[in-house]
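S.K.: I'd like to ask you about the structure that follows.
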């Protein structure tokens, strides 16, 4: 099973997925690749406008505009949380973190920041 890297055309999140999955997502969204979070938003918006023949196209355009204007990208937050969870589980987080880079410990506080997630970050499915 071959895996290919694709980038969401709305938020820019990069993922690695199988070619079959990529084809099915693109078929659902007028040939555009959308990550899971953006595809759910577009599906929700287009379902509200069922009477329009171009509801999906309009929902994609509107969501792409929203993502381009948004200062905080929700997909980055998801990727940041997943990365931290995986590092903690593997034990890597404790061994690579520096005291100066760690925020003050709180029971439910967040450590680090989302600037560590770049355009080359990926989620694997």
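The values are calculated or read from the model by the stated rules, or taken from the named source; none is laboratory data. Note that the coordinates shown come from a computational prediction; the quantities given were computed from them, not determined experimentally. Cβ coordinates were reconstructed from backbone atoms using ideal geometry, including for glycine residues, and neighbour counts include every protein chain displayed.
S.K.: Report the residue count in the stretch 1-24 for those that are assigned to a loop (DSSP other than H, G, I, E, B) and either at pLDDT 95 or above or under 24 Å from residue 76 (Cβ atoms) (or both).
M.R.: As a first pass, look at the stretch 1-24 and keep what is assigned to a loop (DSSP other than H, G, I, E, B): 1-2, 8-13.
Among the residues that remain, those that are also either at pLDDT 95 or above or under 24 Å from residue 76 (Cβ atoms) (or both) are: 8-13.
Summing the residues that are assigned to a loop (DSSP other than H, G, I, E, B) and either at pLDDT 95 or above or under 24 Å from residue 76 (Cβ atoms) (or both) in the stretch 1-24 gives 6.
S.K.: Quick one: is residue 53 in contact (Cβ under 8 Å) with a residue 12 or more places away in the chain, outside any helix (DSSP H, G or I), on the phi < 0 side of the Ramachandran plot and exposed (fewer than 14 other Cβ atoms within 10 Å of the Cβ)?
M.R.: No, not satisfied.
S.K.: Moving to a separate point now. May I ask you to list the residues in the stretch 25-42 that are surrounded by 12 or more Cβ atoms within 10 Å (Cβ to Cβ) and in a helix (DSSP H, G or I)?
M.R.: Of everything in the stretch 25-42, those that are surrounded by 12 or more Cβ atoms within 10 Å (Cβ to Cβ) and in a helix (DSSP H, G or I) turn out to be 25, 26, 28, 36, 37, 38, 39, 41, 42.
S.K.: Here is a list of conditions, (1) over 17 Å from the mean Cα position of the chain (by Cα); (2) assigned to a loop (DSSP other than H, G, I, E, B); (3) at pLDDT below 90, and residue 45 meets all of them except one; can you say which number that is?
M.R.: Going through the list (1) over 17 Å from the mean Cα position of the chain (by Cα); (2) assigned to a loop (DSSP other than H, G, I, E, B); (3) at pLDDT below 90, residue 45 breaks only (2).
S.K.: Is it true that some residue in the stretch 71-82 is exposed (fewer than 11 other Cβ atoms within 10 Å of the Cβ) and modelled with pLDDT under 90? Break it down stepwise before answering.
M.R.: Looking only at the stretch 71-82, we keep the residues that are exposed (fewer than 11 other Cβ atoms within 10 Å of the Cβ), and these are 71-72.
Those left that are additionally modelled with pLDDT under 90: 71-72.
Yes, there is a match, as at least one residue in the stretch 71-82 is exposed (fewer than 11 other Cβ atoms within 10 Å of the Cβ) and modelled with pLDDT under 90.
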